[in-house]
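Student: Got a structure here, written out as structure tokens. Questions coming.
All of the numbers you see were taken from the coordinates with simple rules; none came from a lab. As the structure is a computational prediction, the values presented were derived from the model and not from experiment. Note that we place each Cβ from the backbone using ideal geometry, even for glycine, and neighbour counts take in every protein chain shown.
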Amino acid sequence: CLLASHSTPFLALPSDQDAPLYVYARRTKEGTACEAFDADEIHDLDQIVSELGFDRGELLTTVALFLVVEGIHDLVVLDRLFGELRAARIALLPMEGLANYQAVLDSDALWRYTTAEVALCTDKFELELLKEVVTSPKKAKELRKSDAPQETKILAKLLGTAERNRKRVYLLGHSGDDLIDALDERVIQQMFPAYPGHEEARRLWGQEMEAGAKAAQKKAFYERSFQIPAGVDGYAKLAEAHAEAGVRPAALKAIVDAAIALTRGEVPEAVLATAPYGT
């Protein structure tokens, strides 16, 4: 048994199957009270955080990697299906719109007050194309002005920004157009029988775009056409359905495995790294 007072490193111990049992001990009018708690959920336990004397800055030291995802839908699905993210001390940060990824690179908190690495996760991820962008400023400039997907152009811009600011970020993702494309179509169809499958849904959406629809309207189109709710609750239910079926989509599993490898100092082939600090 180890007793620690105000020691954040103890909160960052591995939380795998051999994880320690954390017990919060405090004085009460009746005597001493002991309460078990989950260190992975410490950010949610406001009373304990306050009484232990920790602030949010200290708790940042328990994070090994910030995995920045496109939106709250991605966060809900990944958090529900992949508990190993918490065990690996990976914090999910949702961005509503890829343009907001710029804020990540400009955030002093992520660079000056924590040693955690930062990885950006997107849809429409094209590894080979982005590798060319990293090694060729000219290629990056051409890509930003091309008709490539908006996600790809913004990633090209971010790579340039990271290099200029001498900051290291990791890029990873899946090749689908949206989160729905990375989920298991059989599970989706079980919940929403009107869903025709990924290939046919993409074809119908393509027709919609040719008629003038914008990329941001995709979830609304899927709700209207296939009765898949566009809100977070709908995706939470999809995540729950995957969990109950024991299905962990391969595309998302690959992202999670790559993120965990980054916390061990490894850079998988499916991940693109910008220039490291100080180079």
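Student: Could you rank the peptides 23-35, 74-86 by their average count of other C-beta atoms within 10 Å per residue, with the highest value first?
Tutor: Ranked from most to least packed, the peptides come out as 74-86, 23-35.
Student: Between CYS1 and GLU30, what length in nm is gained on full extension when 0.36 nm per residue of separation is reduced by their alpha carbon distance? Display every interim value, and only then the final one.
Tutor: Details: separation 29, 0.36 × 29 = 10.44 nm, distance 2.38 nm.
Once the chain is fully extended between CYS1 and GLU30, it gains 8.1 nm.
Student: Right, here's the next one. Can you list the lysines whose alpha carbon is less than 26 Å from that of LYS131, not counting same-chain residues fewer than 8 positions off?
Tutor: Leaving aside lysines fewer than 8 places away in the same chain, those within reach of LYS131 are LYS139, LYS141, LYS145, LYS153, LYS157, LYS167, LYS253.
Student: Contour minus end-to-end for ALA194 and GLU269, with contour as 0.36 nm per residue of separation and end-to-end as the Cα-Cα distance?
Tutor: Result: 23.3 nm gained on full extension.
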